[in-house]
Amino acid sequence: MRVPMKLARLFSTTTFNPKLELLSNKSLIKIEGDGVYDYCQGLMTNDIFRLKTEKSLFTMILNSKGRVLYDCLVYKVDDHILLECEKDAASDLIKYLRMFLLRRKININVLDDTSVWVLFSSTPMDMKLNSVSVFNDPRLPILGQRIVSDKTSGIRSEIFLDERDNKFTYQQWRYTNGVAEGSELLKGQSFPLEMNCDYLNGISFNKGCYVGQELTARTHHTGVTRKRIMPLIFDDTPTGLDLDADIYNESDSGVKRPPGKLRGLCGKIGIALLRIDECLKAERLIVGGFTAKTFIPNWWKM
């Protein structure tokens, strides 16, 4: 089953010009020193050695039980690595990373003097700028490009855009495409495949061991992932919803175990962790008294 026709028509005709947005909820962590690649390789789901030939990667960091702790975009800059993560999680992430340093001569610090911007559009982009670092989002081409700049630089004076027809925020655009980030990922509870890490190019199944690798590999080889992050389209704009609200099938709302859990909401668009088959078959889903529908994003690798 692919995208229901009603929803496919809605999203296939959604087009807009490029838009530049400051991601004030993001921080950059700089990792530098001897053996940086080997160090990161044992902690992250992706093959960090791909940065020898690529500029950016998406990865997750798991606990020993294979649950997601953090998600990061990883950038190669000269002789060091930058991790982009949620600002509220940066301090805890640094503490976690330093636990594994042992005697390695590696420095890990937040960059307080830099900003992260996103340049996104309804079609993939490839803009090149001279004064700042530009990275393609390694998850999906439609998520645009990241721009890392000094906080004092006038980035908007270098990029001239007509944004009048672009009513989307980046958060709405992510939700429309069913992509979760940061605190939306159910820290310490969810598995990386449930968060679409495999579909978003964030896992290497050919690299060696890393923290949480055993369960991740076993789940992948069974070929069964019953729950995943998916988009939600509400019939009306919800109000007063708990962002951890349970989601039920309208025709079977009395079940003890709900088939989904809300993870983010922006206007009429949300994202949720849903049991795929059950929620696709539902005529309507109920979230705190509001009705919604889900669909399979067209970028899923099925």
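What accessible area per residue comes out for the chain, rounded to a whole number of Å², with a 1.4 Å probe?
Result: 49 Å² of accessible area for each residue.
Determine the equivalent ellipsoid of the chain by diagonalising the alpha-carbon gyration tensor, then write out the semi-axes as square roots of 5 times the eigenvalues, largest first, rounded to whole Å.
32, 25, 16
Past the 27 Å Cα-Cα mark, which pairs from 95/128; 95/301; 187/227; 19/268; 19/52; 207/301?
95/128; 95/301; 19/52
As an exercise, identify the chymotrypsin sites (Phe, Trp or Tyr not before Pro) in the stretch 18-126 lying in DSSP coil whose Cβ has no more than 14 other Cβ atoms within 10 Å.
100
Which peptide among 213-222, 229-238 comes first, and what is the full order, when sorted by highest mean count of other Cβ atoms within 10 Å?
Final packing ranking: 229-238, 213-222.
Using a 1.4 angstrom probe with every protein chain in place, what is the largest-first accessible-area order of 31, 269?
269, 31
Which one, 68, 42, 58, projects farthest toward the positive side of the charge dipole computed for the stretch 29-85 from Cβ point charges (K/R +1, D/E -1)?
68
Calculate, for residue 209 and residue 257, the FRET efficiency according to 1/(1 + (r/R0)^6) with r their C-beta to C-beta distance and R0 41 Å; round to the nearest 0.05.
E(calc), rounded to 0.05, equals 0.75.
If you take all C-alpha pairs in the stretch 237-279, what percent of them are over 15 Å apart?
42 percent
To the nearest µm²/s, what D does Stokes-Einstein give for the stretch 208-250 at 25 °C and 0.890 mPa s, using the Kirkwood radius over alpha carbon pairs as Rh?
172 µm²/s
Once the stretch 190-278 is represented by equal point scatterers at the alpha-carbon sites, with solvent omitted, what log10 I(q)/I(0) does the Debye formula produce at q = 0.21 Å⁻¹?
For the requested q values the scattering log ratios are -1.03.
Ignoring ligands, DNA and RNA, please state the percent of accessible area on the stretch 56-137 from carbon and sulfur, probe 1.4 Å.
46 percent
Considering only protein heavy atoms and a probe of 1.4 Å, how much of the accessible area of the stretch 183-302 is carbon and sulfur, as a whole percent?
About 47 percent, which is the carbon plus sulfur part of the accessible surface.
Can you list residues from other chains, or at least 5 along the same chain, whose modelled amide H is less than 5 Å from the amide H of residue 296?
3
At R0 = 41 Å, how high is the FRET efficiency between residue 281 and residue 102 if r is their beta carbon distance? Nearest 0.05 is fine.
FRET efficiency, residue 281 to residue 102: 0.20.
The values are calculated or read from the model by the stated rules, or taken from the named source; none is laboratory data. Given the structure is predicted, the values throughout are model-derived calculations rather than measurements. Don't worry about glycine lacking a Cβ; one is built from the backbone with ideal geometry, like all the others, and counts go over all protein chains shown. Keep in mind that these areas ignore ligands, DNA and RNA; they rest on the heavy atoms of the full protein, side chains included. Shrake-Rupley method; radii C 1.70, N 1.55, O 1.52, S 1.80 Å.
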